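The structure under discussion appears below in the form of structure tokens.
Nothing in this text is a laboratory measurement; each read-out follows from the coordinates by a stated rule. The shown structure was predicted, so the numbers you read here are calculated from the model rather than taken from an experiment. We place every Cβ from the backbone using ideal geometry, glycine too, and count neighbours over all the protein chains shown.
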Amino acid sequence: MTKTILITGTSSGLGKATARFFAHKGWNVVATMRRPEKEQQLVQLPNVLVTRLDVQERMSIATAIEATIARFGRIDALINNAGFGLFGLFEATPSEKIAEQFNINVFGVMNVTRAILPHFRQNKGGLILNISSGGGVFTLPMLSLYCASKFALEGFVEALSYELASQNIVVKLIEPGGIANTKFEQRSGTEAVQNATIPDYDHFVAHTNAVFESLREVRLSTEEDVAKAIYQAATDGTDRLRYVATEDIKPMVKARRETSEDKYIAFMQARFGNKMYPKYAV
């Protein structure tokens, strides 16, 4: 029997690449987005339903689930992909943008997950894959709010996995790092430009931006590579919780998870430059 997967945030980037990958593997794919009327590529695929879903609107979530069941009969898997990243100084970020970061990256995942659980319980099983980030394992300067949202996601999903195992529902986390040629960073950059500037941080911001630019130059993974990793997680038949999806973050993930706190902090300071953290007399 052909399996059906519902994916949030498929208008561009990783979400669209993942929708294409699953469709090419023979799955029925429900590609959801806030403005489906603008989509021109996914609608050309015969086994893809493009429909509206805004993770902040519970009625649109329910409608998308109903449309999926009406078209394909059932849902076997969900990918919580919709999200974005705030880049910039915490002090300069408006409160409404902080709320939006959590409303989409955390509460949006909860909204979609809660809505689909009755269907999975009725089916006596299901699979939920949640797109996290290296920023949900380790933290980076200028990404404090994004990291906070992904740390919250990681904690929620890990705890939820214990609950849902009792219902034969498998829950997983996918942790990608930097992806070449993605619109994710374009939005992050736009968000940062809209924030106020604070001159006291100018030296710090310039140094940090230079570090990030050097990291961008060595990115090798593409959206298609991560889509392949997501597919492997969906089809490996295990209840494994976490998957690191790109090579670039593996050293930092290893340092965070397999070394002492002191060694980890020293590793990160060395990687990003000790001058990033000037010492102040107290």
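Considering only residues of the range 6-28 that are more than 12 Å from Ala64 (Cα to Cα) and among the β-branched types (Val, Ile, Thr), which is surrounded by the fewest Cβ atoms within 10 Å (Cβ to Cβ)?
Thr10
Looking at Tyr162, Tyr146, can you tell me which residue is closer than 28 Å to His203 by Cβ and among the aromatic types (Phe, Trp, Tyr)?
Just one listed residue meets the conditions, Tyr146.
Residue by residue through the range 54-100, note down the ones that are free of Cβ contacts under 8 Å to residues at least 40 places away in the same chain and either closer than 30 Å to Ile169 by Cα or under 15 Å from the mean Cα position of the chain (by Cα) (or both).
Asp54, Glu57, Met59, Ser60, Thr63, Glu66, Ala67, Ala70, Ala99, Glu100
Of all the helices (runs of 4 or more DSSP H) wholly in the range 50-168, which have at least 2 residues that are crowded, with 16+ Cβ neighbours inside 10 Å and among the aromatic types (Phe, Trp, Tyr)?
144-165
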